[in-house]
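Below is one structure; the comments refer to it alone.
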Amino acid sequence: MSQPIEAPRSAYQIFSREGLLGQREMESGIRQAMINFLEMAKIPSETGNEKDLRKVLERFADQYDLPHQRDEIGNLLIKVPASAGYEGRPGSILQTHMDMVCVAEKGKDNPAIKGAIPIIDPEDPNYIKADGTTLGADPKAGLSVALGLVEEILDPNSKVKHGPLAILATVQEETGLFGARKCQFDLGKYQFMFNLDSEREGKATVGCSGAGNSILEMPLTTETASIDKRFYRISISGGIGGHSAGNIMENRANAIKLLASTFAVIRDKNPEMQIQSIGGGYFREDQSPINNAIPGDAQGVVAINSGSEEELSHVIDEIKATIKTDYPKETKLQMSLEDVSPLQQTVMTAESTTKLIDLLIQLPHGVQAEFPDISYIPKTSINLATIRISEGSDRAIITLMSRSADFADLNRLRSQIKGIAEGRDATVEEPEAYSGWMPNDNPSYPINAQAIRAYKEITGADLSLVSTHGGLEGGPFSLLYPHLQIISIGPQIDDAHTTRERLSIPSYVTFYRMLKRIISNFSSSDQPLE
Ligand SMILES: [Zn+2]
């Protein structure tokens, strides 16, 4: 018999008055952590506006007489002294960010203004979600667990002994890991960093990629097309596209590269071909390029001497056939050829046309290097993300996003892009890149071993160690603090960054206990420390 769906209930009431899912014997720390979470969810903390949430953390530190400091960008470090006699034990940092992605359904208040309203998921009482907005479990689940745990161990009756601890809460993670990149604290006395921002129970992240954009601007010379030219639009649409971290190794078509190679074939047969316009990839409402999306759409208009239409459609048919064999998964990808009569007869000169085609052909896209021992993510990749022609048609603007777990590889790849671009008279802007964090999935690496052991002791199950081709705060931290061992763990959070975001309550409880176990295991003397 299916249960009737209950009206959304206030999650706060359930935890503070009825007890955590009816479990009266729940550790006080978990209850406190959950209450902290529900309170924090109500505090607006959009990226760049973390101050109210930081105030809550500072008040917390003051309440327990914990020394705390803020750095220039706005990160907060709260120090928790070791238990008496445990000062020499390894120091651990509990780290996550304070900012959240704020999205609301139509008709709901954006959580950036009023915070989220946490409710029990009407479809599954094991989950907390928000009322039509993002919940902010990313990052507040981890943050609240850190606070609850510190409260529990500072209780005079607590049996948990621990080495030096710190809570490190960063700003501006969601828009480019800026807090982590600009972190100024002296963390020399800590050996371990537990990033609490993972979203998969049972999986710990032990490595990630760094990334950096390259913005190319190629000057174009234009002229009026001669009257014997005819204009054709070539459109590529319906490519799968996808995320440049998660999908780059799946051999999906890059519509911009496809269009460029189509132009090259046409030019080889019609050397007087001239490009009138070209555009591809995705842009935000403010026209800024979306560099982490693989372009599934691109289109351009070319001018060709009249009389070559038949040959042109033949070329297109041949390319379509090649796409079918080269990209078997691209079943929805369409390429079309259309005769057009543009109002403006302005085209790029033959020289600019050639330079632009050659640049697009030479620019790399896709996986550039693999790991010797990890097969599910690449080590280094690049996404040729967007192209557009400037207003005034005097420049082609191309953006690319490079990723690598190895910062030296990342920088080499970006220099390679720069060299290719400058060889075609393009200028290159390179916004500062952030570092990756080289995967270390050795289960006996001390921080990994501690996490595996604690998860096993709490759940009886094996923790798996995974790496990601995306960017995480562990990347910049591993560059700034090479002495730190880092691991990223967290409770199960579904659909973060969307209005469907929800936090699994049982996995929150598991996560709390796991972290507490790690901290107390560090204080027992039989543990390997180096
Ligand atoms: Zn996060």
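Some points to look at:
- For the residue pairs Lys108/Lys129; Lys379/Lys456; Lys203/Lys379; Lys79/Lys516, the alpha carbons lie more than 22 Å apart in Lys379/Lys456.
- Prolate/oblate/rounded call for the range 320-455, Cα gyration tensor, a/c under 1.5 rounded: prolate
- Look at the alpha carbon pairs under 8 Å that are at least 6 residues apart: their mean separation over the length of the range 210-429 gives a relative contact order of 36 percent.
- Hull volume per residue, based on the alpha-carbon atoms of the range 210-429 and their convex hull, is 122 Å³.
- Normalised contact order of the range 23-112, rounded percent, pairs of Cα under 8 Å and 6 or more residues apart: 29
- Segment Lys269..Asn521, full-extension length gain: 83.6 nm, with 0.36 nm per residue of separation and the alpha-carbon distance subtracted.
- Among the trypsin sites (Lys or Arg not before Pro) in the range 307-386, those located in a DSSP loop and surrounded by at most 10 other Cβ atoms within 10 Å of their own Cβ are Lys332.
- Summing Cβ point charges (Lys, Arg +1; Asp, Glu -1) relative to the Cα centre of the chain gives a dipole of roughly 1020 debye.
- Distant alpha-carbon pairs in the chain (separation over 41 angstrom), percent: 33
- Fully extending the segment from Glu72 to Ala321, taken as 0.36 nm per residue of separation minus the present Cα-Cα distance, adds 84.0 nm.
- Farthest toward positive dipole pole in the range 210-429 [+1 Lys/Arg, -1 Asp/Glu at C-beta], among Gln345, Thr221, Ala369: Ala369
- Cβ-Cβ FRET estimate between Leu337 and Lys51, R0 fixed at 45 Å, reported to 0.05: 0.25
- The stretch between Thr175 and Ser444, if pulled fully straight at 0.36 nm per residue, gains 93.5 nm over its current Cα-Cα span.
- Dividing the convex hull volume of the alpha carbon atoms of the range 149-241 by its residue count gives 219 Å³ per residue.
- Residue order, fewest to most beta carbons within 10 Å, for Val340, Val466, Val206: Val340, Val466, Val206
- Sequence-ordered 3J(HN,Hα) estimates for the range 319-333 from the Karplus curve with 6.51, -1.76 and 1.60 and θ = phi - 60° stand at 5, 4, 5, 5, 4, 4, 7, 6, 10, x, 7, 7, 6, 9, 6 Hz, glycine and proline given as x.
- The label point for Asp124 and the one for Glu391, both projected 7 Å from the Cα toward the Cβ, are 4.8 nm apart.
- A cut-off of 5 Å between modelled amide H atoms, ignoring neighbours fewer than 5 places along the same chain, links Val466 with Ala204, Thr205, Val206.
Rule-based calculations on the coordinates, nothing more; no lab input. Values in this document were obtained by computation on a predicted structure and should not be read as measured data. Every residue, glycine among them, receives a Cβ derived from its backbone with ideal geometry; neighbour counts consider all protein chains shown.
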